[in-house]
Amino acid sequence: MTESQLTDVLVEMADTLVGDFDVVDFLHVLTNRCVELLRVSAAGCC
């Protein structure tokens, strides 16, 4: 993970924090970014 990648993800996450953001969409994007940045095969809950 590079500093640039992390910065891009943090900016993307901050952009979703508006008054009428979709929680499900936010969590979906967050989960996908965690998989990408942490280089794991999947993320989620049991």
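Taken together, the values in this text are just the output of simple stated rules run on the coordinates, not laboratory data. As the structure is a computational prediction, the values presented were derived from the model and not from experiment. Here the Cβ is made from the backbone with ideal geometry for all residues, glycine too, and neighbour counts use every protein chain on show.
Annotations for the structure displayed:
- Scanning segment 1-20 for residues that are of a type outside the set (Val, Ile, Thr) and surrounded by 11 or more Cβ atoms within 10 Å (Cβ to Cβ) yields 5, 6, 8, 10, 12, 13.
- Residue list for segment 22-46, restricted to those being surrounded by 11 or more Cβ atoms within 10 Å (Cβ to Cβ) and of a type in the set (A, V, I, L, M, F, W, C): 26, 27, 29, 30, 34, 35, 37, 43
- Taking each residue of segment 26-46 that is farther than 12 Å from residue 12 by Cα and free of Cβ contacts under 8 Å to residues at least 12 places away in the same chain and looking for partners that are of a type in the set (Phe, Trp, Tyr) and exposed (fewer than 11 other Cβ atoms within 10 Å of the Cβ) with beta-carbon atoms closer than 8 Å, six or more apart or interchain, yields nothing.
- Looking only at segment 1-30, and only at residues there that are of a type in the set (Asp, Glu) and in a helix (DSSP H, G or I), the one that is nearest to residue 42 (Cα to Cα): 25
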